[in-house]
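Single-structure report; data block below.
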Amino acid sequence: MTTLRKLLSNFLPVREKMTSLLSKKEPVFTVVSSNSPLRYVAMLASMLMLLLAGAVAVVQASGPSGVEDSGNSFHYFLRHIIAVAVAIIGLLFTLHIDYRKWRKWAGGLIFISFLGLIAVEVVGSSANGSTRWIDLGPLNFQPSELLKLSTVIGLASFLAQRRRQIAISKKLVMSVMGALAAMGLVVAVLQSDLGTAVLIAVMVVGMLFVSGVPIRYLLFPLSLVAAAGGILIASEPYRRSRIVGMLNPLDYCGNETWQLCQAWATLANGGLTGTGFGSGHAKWGWVPAAHTDFVFAVIGEEVGFLGGVVIIGLLGALSLLGFRTAQEAPDFFGSLLAAGITIWFTGQTFINLGGVLGLIPITGIPLPFISYGGSALLFTVSAAGILLNIARQSG
């Protein structure tokens, strides 16, 4: 809880920075500083270490699943390595593009995202009862992952263009929340992905808050979002069962919370220092989705509590450095873009770990930089490249 409070406390300095920028003319910078600040180096090092840890975790966790699904114990690991390579290319691409250029591409990215969501309904592939992916051979494309990136860029651009109206216009807030409702319905209803819809809502509300929108303007839209979320939960039996199971996990270990109880047992088996690489039992069918949503359980078992703390520390450091970058960004758009990306990473980390630890219902959201994935890893790492570009141009 102390770490969570520390992360949340970083919103206020960013909000203060945004408010101060509202009264200033937005500068235009064209030169990238050749002297990368220490924050830039620390962020890059944290991301690379997380990617390395993720590759190790996936190879340890996916062997039995690979044999069962394809006859090759390295099946998922090889696909993950391809995804990492593509993601690093995306990182290098976004890192070397001035972040201000993304403003003119925001509309196109949002259009492509929605086009992809529609395409999923026509030619999408299914997994675990949901249709969220477009099969591209060695990689699967998940349009909702692109939607996260395009939402951050689009909202940052929208608010930057209207920065003089932020503190006085209720209509601005309602227009943003209307767009959020449309995105949420498409993701949560058509693709049955309430977890991603919740994450996008967290990103949008967080960006509105740090941009300087008065809290009183957010209360009514937030109540509508909460009501819509309640209706979506009540409309599906499996969502209701997850809520009930979360409130009384030990009473439902044989059914609704079996995955959670197995994750707890796995983490407990790891103890302080872990069972050692390759010695854990979670990957042998004890914990479903061991190399994807519940990869942290495998990490906690094989490297123990101390190893888990290192992973959480790297993710926490990335969040703190991201919020600091938002404070030090050269202009309003850069500050809001950095804050949005950081809220994305922080929110997704909390949702994933919260599900594994039983703090919130399981949502199917991957752990950033760590979990096996294709498009999730690509767009997360590419967004990190934009964040690094902002840090590189900061003071």
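Considering only residues of segment 73-87 that are in contact with a helix residue (DSSP H, G or I) (Cβ under 7 Å, 6 or more places away or on another chain) and hydrophobic (A, V, I, L, M, F, W, C), which is most open to solvent (accessible area, probe 1.4 Å)?
Step one: of segment 73-87, the residues in contact with a helix residue (DSSP H, G or I) (Cβ under 7 Å, 6 or more places away or on another chain) are 73-77, 80-81, 83-84, 86-87.
Okay, now just the ones that are also hydrophobic (A, V, I, L, M, F, W, C), so 74, 77, 81, 83-84, 86-87.
Numbers: Phe74: 102, Phe77: 45, Ile81: 69, Ala83: 2, Val84: 20, Val86: 51, Ala87: 0 Å².
Only one residue fits best here, namely Phe74.
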>> Among the listed residues Leu199, Leu194, Leu208, identify the single one that is crowded, with 18+ Cβ neighbours inside 10 Å and within 21 Å of Phe333 (Cβ to Cβ).
In response: Leu208
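Across segment 298-324, what is the number of residues that are over 18 Å from the mean Cα position of the chain (by Cα) and open to solvent by less than 20 Å² (accessible area, probe 1.4 Å)? Before the answer, list the steps.
Step one: list which residues in segment 298-324 are over 18 Å from the mean Cα position of the chain (by Cα), which gives 298-310, 324.
The next check asks that each one be open to solvent by less than 20 Å² (accessible area, probe 1.4 Å); those that pass are 298-302, 304, 307-308.
The total comes to 8.
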>> Restricting to segment 159-171, give me the number of residues that are part of a helix (DSSP H, G or I) and either touching a residue at least 40 places away in the same chain (Cβ under 8 Å) or surrounded by 20 or more Cβ atoms within 10 Å (Cβ to Cβ) (or both).
In response: 3
>> All but one of (1) closer than 17 Å to Ala106 by Cα; (2) modelled with pLDDT of 85 or more hold for Val198; state the number of the condition that does not hold.
In response: (1)
> Are there any pairs, at least 6 apart or on different chains, whose C-beta atoms fall under 7 Å, with the first in segment 48-61 and open to solvent by 30 Å² or more (accessible area, probe 1.4 Å) and the second not β-branched (Val, Ile, Thr), and if so, which?
Replying inline: Met49/Leu314; Val59/Phe77; Gln60/Phe277; Gln60/Gly278; Gln60/Lys283; Gln60/Glu302
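Residues checked against (1) open to solvent by less than 10 Å² (accessible area, probe 1.4 Å); (2) part of a helix (DSSP H, G or I):
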{"residue": "Ile341", "(1), (2)": "yes, yes"}
{"residue": "Gly347", "(1), (2)": "no, yes"}
{"residue": "Ile360", "(1), (2)": "no, no"}
{"residue": "Gly364", "(1), (2)": "no, no"}
{"residue": "Ser371", "(1), (2)": "yes, no"}
{"residue": "Ala383", "(1), (2)": "yes, yes"}
{"residue": "Leu387", "(1), (2)": "yes, yes"}
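The values are calculated or read from the model by the stated rules, or taken from the named source; none is laboratory data. Worth saying up front: this structure is predicted, and the values here are computed from it rather than measured. Please note: Cβ atoms are built from the backbone with ideal geometry, for glycine as well, and neighbour counts cover all protein chains shown. For accessibility, only protein heavy atoms count, side chains too; no ligands or nucleic acids. Shrake-Rupley method; radii C 1.70, N 1.55, O 1.52, S 1.80 Å.
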